[in-house]
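Here is the structure we will look at.
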Amino acid sequence: MLERLLERDVRKRPPTVRFVGRVLFLTEDPELIRRQLAGEDLAWDPSIPLRDDISTDEITPGWVCYHFDEKLGEYPYVGLLCGGEHPIGRNDIRNGGFVCSVSGKRRGKGSSREAAPFAERAAGIRVAIAENIERIYGENCANIDVLASTDFSLIDRIRRGEELPLEAFTADAGSIQRDIIEYGGLLDYAVARLKGLVTVPDIVTPEGRPQTIAEKIVARHWVTDVAKDAVGVPAVKPGDTGFLRTDLRFSHEYVTPMASTFWESFAGDAGLNDPGSILFFRDHLAFLDDVISEERVAAGLLDAAHALHDRQRAFAAAKGVRLHGELPDRTGSEGICHVMLQDRYALPGQVIVGSDSHTPHSGALGCFAFGVGTSAIVNAWATRDVRVSVPESILIRVEGELPAGVTAKDLMLEILRHRAVKGGGAIGRTIEYAGPAVEAMSIDERVTLTNMAAEVGGFTGIIAPDERTVSWIAARRGLPEEDVRKRCEGLFSDPDATYAATIEIDASALEPMLATPGDPGNGVPVSELGRDVALDLVFVGSCTGAKRDDFDMYAAVAREAVEAGRRVPDGVRAYAQFGSVDVERYCVERGYDALLRQAGFEVLAPGCGACINAGPGVSTSPEQVTISSINRNFPGRSGPGKVYLASPYTCMASAIAGRIVPYRPGDGAAG
Ligand code: SF4
């Protein structure tokens, strides 16, 4: 397969670039945007109120990502909120003849969604200028040849169509990023790398440097010679930049189709490198048909979503990749990618990349697992490796013992409201969880911590494997414990390893928590909510909240309620959704499904569903109030209503009470 890539002719682009087109300022004031769309060219003036914090979700909302090709170019910025309005509509950017768009701070916040810069590029935007640019968004831009800069003096030069030195866009980049830009994107860069036309900086970090567990895994997987398939260096340190050999690469149906089109234009009909270690999942949109609006059906979005699935299935068959797809006999998916990885595939010490921000889920098993964009997935299909800059680590040490009824989710909501985390102290770093309270947790509970490393903005989350990990994996996978134990050798942080920060938390002082609507960082103890909050909806499920232990907790409260003759009151709709067919089987064997139905829940087959606004349990009006065990409650994420996040216990007790209440063990979920 690599031979096919070596046939590809790649060369550096010319040292200068010139653009022909208009400049669009993305402003707070919707009227200013409307005037530009109508044909007015604004002169750059620092007093123009540029929009800050533009997320990839605003550039390309989830429903736009049902498209995966040039069609995306009809939609960039349709989710952009300016002064409470969405001033940019379908085709406005293409029709406006814009070549450059300008915004304020933190452009490209949010997910690793490469559809965002792809949509901008397909609409004609070739340059993104902002006061500062989020790392993954910036990398994704470079990967598909959208140039990004923080230099506002370029604006008038671009508008005048001046010839600009490429250096203007590479001066602040590291050597790999510079080479990627010079070769016009990650995939041609990958070929240049295979041909030896570019070199990756050598690692000079001395052997014997005390390392964290994450750094040790990274060092073991460091690619030293891509052509000779050589990996491993004695040690790495934060900031070292290069490529890691991956053990597992996965993508879901939002990303596989776009990646497959990239692949075909890059490698033609060539096969993927080692397809046995690649996985595809159909999990996000398996329930979309049940909830999509008539308006969106009329706009062709259901057809587009079905095309995603068709494309993924065809590509999987053509390339010999295992697809965990839809259930053959009913609506639903084999499982959410992260839950399936945890239960069936991930092993301690592995490097795992996935097309989803919750890929750190498997970090609870001692993996270095992180989310990447579409081009990085395609690169990994070719070379089996992934670009990385070794992140700094922060240590979250949890002392003491969690009180009864207080869970990993409560701990996570406490961490999310911690001053250091809210101040951005965890962004881009590896979050290592340790301490007696973490050691006492089950694997499923540990997973809640690493899964939600995404919410704290971390690069990944990780927990050193221990005897509990060994026996869990051995039992779940039918492996000899000795083999698993051997994999875990050396997988711990050295006592004198360096952390950028340490956060200490006393587990015994914690109590049941909520995150109030809008952000997972809006944490407040349930006891301090200070108002009566009646519920319209309850949703328990998602990768964070649909594991076996989560269902043990849901069932425990449901049993107490049923035995006390109580159930979800009329007027509240409650849904429980399994994380995978394995979790479903576990629950059915124990009668949890029947118990939940008796308690008033609708029980759903596995899938992502409501937490991506694509399944039963989504709200339909802004007034509706939901409590949920999912991981994020950003506006619009699960419909237009208000979502409170809480632990499995608190969600269940609140469902039975019909309003938000703390769970008190053994009281029949009386609230
Ligand atoms: S369950 Fe929700 S958060 Fe988890 S992968 Fe699916 S859509 Fe993302």
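The values are calculated or read from the model by the stated rules, or taken from the named source; none is laboratory data. Everything numeric here is computed off the predicted structure, so don't read it as measured data. Ideal geometry is used to build each Cβ from the backbone, glycine not excepted, and the neighbour counts take in all protein chains shown.
Brief remarks on what is shown
- Residue list for the range 466-484, filter: of a type outside the set (D, E, K, R) and more than 29 Å from the chain's Cα centre (by Cα): G478, L479, P480
- Filter result for V200 (part of a loop (DSSP other than H, G, I, E, B), touching a helix residue (DSSP H, G or I) at 6+ places or on another chain (Cβ under 8 Å) and farther than 27 Å from T374 by Cβ): no
- A single member of R135, R126 is surrounded by fewer than 18 Cβ atoms within 10 Å (Cβ to Cβ), charged (D, E, K, R) and within 27 Å of the chain's Cα centre (by Cα), and it is R135.
- Some residue of the range 161-175 being more than 26 Å from the chain's Cα centre (by Cα), hydroxyl-bearing (S, T, Y), over 21 Å from I129 (Cβ atoms) and crowded, with 18+ Cβ neighbours inside 10 Å: no
- Members of the range 332-363 that are within 15 Å of the ligand (Cβ to nearest atom), over 20 Å from G478 (Cβ atoms) and not in a loop (DSSP other than H, G, I, E, B): S333, C337, H338, I352, V353, G354, T359, P360, H361, G363
- Output for the range 511-522, where each listed residue is over 22 Å from G639 (Cβ atoms) and surrounded by fewer than 21 Cβ atoms within 10 Å (Cβ to Cβ): E511
- Restricting D151, D156 to those that are surrounded by fewer than 19 Cβ atoms within 10 Å (Cβ to Cβ) and in a loop (DSSP other than H, G, I, E, B) reduces the list to D151.
- Residue match in the range 205-213 (condition: over 27 Å from A501 (Cα atoms) and assigned to a helix (DSSP H, G or I)): no
- Test: A364 is surrounded by 24 or more Cβ atoms within 10 Å (Cβ to Cβ), out of contact with any Cys (no Cβ under 8 Å at 6 or more places or on another chain) and more than 20 Å from A230 (Cβ to Cβ): yes
- Candidates in the range 251-301 are the residues that are within 16 Å of the ligand (Cβ to nearest atom) and in a helix (DSSP H, G or I); of these, the one that is surrounded by the most Cβ atoms within 10 Å (Cβ to Cβ) is T256.
Rundown of residues vs (1) β-branched (V, I, T); (2) over 19 Å from T544 (Cα atoms); (3) out of contact with any helix residue (DSSP H, G or I) (no Cβ under 8 Å at 6 or more places or on another chain); (4) within 14 Å of the ligand (Cβ to nearest atom), yes/no style:
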site: I612; (1), (2), (3), (4): yes, no, no, yes
site: G617; (1), (2), (3), (4): no, no, no, yes
site: N631; (1), (2), (3), (4): no, no, no, yes
site: G641; (1), (2), (3), (4): no, yes, yes, no
site: I660; (1), (2), (3), (4): yes, yes, no, no
site: R664; (1), (2), (3), (4): no, yes, no, no
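- Hey, L645 modelled with pLDDT of 95 or more, within 16 Å of the ligand (Cβ to nearest atom) and not in a loop (DSSP other than H, G, I, E, B) or not: yes
- Taking the range 450-464 as the range and being over 21 Å from T407 (Cβ atoms) and either of a type in the set (D, E) or surrounded by 24 or more Cβ atoms within 10 Å (Cβ to Cβ) (or both) as the test, the residues that pass are F459, T460.
- The set of residues from the range 587-598 being out of contact with any Asp or Glu (no Cβ under 9 Å at 6 or more places or on another chain) and without any contact (Cβ under 8 Å) to a residue 40 or more places away in the chain comprises V588, E589, G591, A594, R597.
- Candidate set: the range 10-34, residues that are of a type in the set (A, V, I, L, M, F, W, C) and assigned to a loop (DSSP other than H, G, I, E, B); chosen: the one farthest from the chain's Cα centre (by Cα): V20
- Scanning the range 88-106 finds no residues that are surrounded by 20 or more Cβ atoms within 10 Å (Cβ to Cβ) and at pLDDT below 95.
- Of all residue pairs spaced 6 or more apart or on separate chains, those with beta-carbon atoms under 7 Å, a first member in the range 540-552 that is away from the ligand (no atom under 11 Å from the Cβ) and a second member that is aromatic (F, W, Y) and part of a helix (DSSP H, G or I) are V540/Y554; R548/Y586; F551/Y592.
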